[in-house]
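This report concerns only the one structure given below.
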Amino acid sequence: PEDTVTSSFASFIHAARPEHLSQTVRQRSKRMILDSIGVGLVGSTTRVFDIALRYCRLYSSVAVSSVYGKPGVKLSPTLAAFTNGVATHSMDFDDTWHPATHPSGAVLPALLAASQMLPPNTKPTGLDFLLAFNVGLEVQGRLMHFSTEAHDIPKRFHPPSVVGTLGSAAATAKLLSLSSAQCCHALGIAASLAGAPMANAATQAKPLHVGNATRLGLEAALLAARGMEANPLILDDIPGCSGFSAFYSVYQPKPLSTPGQHHEFLLEKQDIAFKRFPAHLGMHWVVDAALSVRNLFINYAGSFSPSLIRTIVLKIPVSRYINRPFPSSEHQARHSFQFNACAALLDGEVGLGSFSESSIHRQELRELLDKVVVEHPEDNVANFDKMYGEVALLLHSGDVLTGKCDTFYGHWRKPLSKESLLKKFRSNASHVLPEEKIEAIIALVDNLETLSDSSQL
């Protein structure tokens, strides 16, 4: 069929050209690529990454694709994509979009692996790579807009495991120059490989969602390239026969316009949120609110003295999986409004070290957690575009100090500066790479359009 939602997406993937990317889209997507590489590099130092890598090395018969943070280690393309995807989400440090998903981690590892997989005379250029990356982003974003349910903090499926898998398939299909029909089948195959439940949030299994999304999307494109077929109406709303609509209770798909004069990429309209510390995006509101009220407290008392605090009131949206009063592991701590607010109050910052076992189990932190009371104001909705964080300190003296954050630094409404983004990348990459290689990556990404062979990245 030529006039369906699915065929419109396949046509878009096939027809997209570098000239369709505006300067804004190119610049924003290169910031995403650089940040995602840095997050993946520091993620390669985690236990969950080590588990994934040791598993994948059991099956590395065609070892051509590189692994984050492991010089000399190569895996098969799909397993390299999986391992690097796990690294990217291992600390929950990767970028976030609205409606809520982690777009880069589901796409970039697949493209990096595929670039190394292709023969020397068919290597994609840096511009080819940048275009494929943006195709993967666009497909994810458009799919998220098909359901009002997707606009809120998720309850059922973890979004990158759903839209990310199809984004990876679309990006890889573009990089491999598949036909329109093959792109259609790649999306259909990817839909059968997608989906992971939210119950595994705040566990070591959550990073697998991103690892699987990028790996399985790559596999879907490779299968489609070899002739495998799938339902050509997978994205359409067919009564009585769920396709992609199986992931959403409300699903209203729309055709994707042909790239060119009448199409504007979503990244043109809305920037990406980059995280300043490795935790669930919702934590960034309460941390900034906590830091604000901490400054008020120091001005009030001369120093931060927890003994003067009777109660800590957090005003946050209702979201069960990130409402964790007493987290006992690093992954739970990254998904705890209470922990992140108290860590910010106690230390004046939240960073990599905040989620170490010794930091999580500090007695003084535990005493602050005991004082926390949670409230859910009706106007504070579980939506990354509308929510806010508020932290109030009720003192024994009867005084009340309050800090509130509507838009944290790093949100798409308040983007990180170039200096802040580079500082984050250099800090993350320095855990595994020497300075000269760090600066080389920065230069490569900054000049990606001029790169003759994207596998150099």
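Quick notes on this structure:
- Label-reachable residues, the stretch 12-36, where backbone N falls under 19 Å from a point 7 Å from residue 427's Cα toward its Cβ: 31-36
- Label point distance in nm, residue 264-residue 51, each placed 7 Å from Cα along Cα→Cβ: 4.4
- Percent carbon-and-sulfur accessible area, the chain, ignoring ligands, DNA and RNA, probe 1.4 Å: 50
- Candidates 311, 69, 220 compared by Cα position along the dipole of the chain: farthest toward the positive end lies 69, with charges placed on Cβ.
- Nearest-20 debye value, the chain charge dipole, Cβ charges on Lys, Arg, Asp, Glu: 720
- Inter-part distance where the stretch 1-64 and the stretch 250-329 are each reduced to a Cα centre, Å: 25
- Structural descriptor for the chain: relative contact order 21 percent, calculated from alpha carbon pairs under 8 angstrom and at least 6 residues apart.
- 3J(HN,Hα) along the stretch 384-390: 5, 8, 10, 6, 9, x, 9 Hz, from the Karplus curve 6.51 cos²θ - 1.76 cosθ + 1.60 with θ = phi - 60°, whole Hz, x for Gly and Pro.
- Cβ-based net charge around residue 166, under 12 Å, with every Lys or Arg adding one and every Asp or Glu removing one: 0
- Solvent-accessible surface of the chain, taken per residue with a 1.4 Å probe and all protein chains present: 39 Å².
- Estimated FRET transfer efficiency when R0 is 60 angstrom, pair residue 379-residue 452 (beta carbons, to 0.05): 0.70
- Above-threshold pairs, the threshold being 21 Å between Cα atoms, out of 30/123; 155/424; 206/404; 386/414; 315/371: 155/424; 206/404
- Dividing the mean sequence gap of close Cα pairs (under 8 Å, 6+ apart) by how many residues the stretch 281-405 holds gives a relative contact order of 42 percent.
- The packing ranking, built from the mean of other Cβ atoms within 10 Å per residue, places the peptides 64-73, 216-225, 285-294 in the order 216-225, 285-294, 64-73, highest first.
- Stokes-Einstein diffusion coefficient of the stretch 9-75, Kirkwood radius over Cα pairs, 37 °C, 0.692 mPa s, in µm²/s: 223
- The phi torsions of the stretch 206-222, fed into the Karplus equation with coefficients 6.51, -1.76 and 1.60 and a -60° offset, translate into couplings of 4, x, 5, 4, 6, x, 5, 4, 6, 5, 6, x, 4, 5, 4, 5, 5 Hz, rounded to whole numbers, with Gly and Pro shown as x.
- When the helices of the chain are scored as -39500 (n - 2.57) per DSSP H run of n ≥ 4 and the total is divided over every residue, the value at 222 nm lands at -14000 deg cm²/dmol.
- A cut-off under 14 angstrom between Cβ atoms defines the neighbours of residue 86, and their net charge, with Lys, Arg +1 and Asp, Glu -1, is +3.
- Calculated on alpha-carbon atoms, Rg and Dmax of the chain in Å: 22.1, 74
The values are calculated or read from the model by the stated rules, or taken from the named source; none is laboratory data. All values derive from a computational prediction rather than experimental measurement. Note that we place each Cβ from the backbone using ideal geometry, even for glycine, and neighbour counts take in every protein chain shown. Heads up: the accessible areas ignore ligands, DNA and RNA and are worked out on the full protein's heavy atoms, side chains in. Shrake-Rupley method; radii C 1.70, N 1.55, O 1.52, S 1.80 Å.
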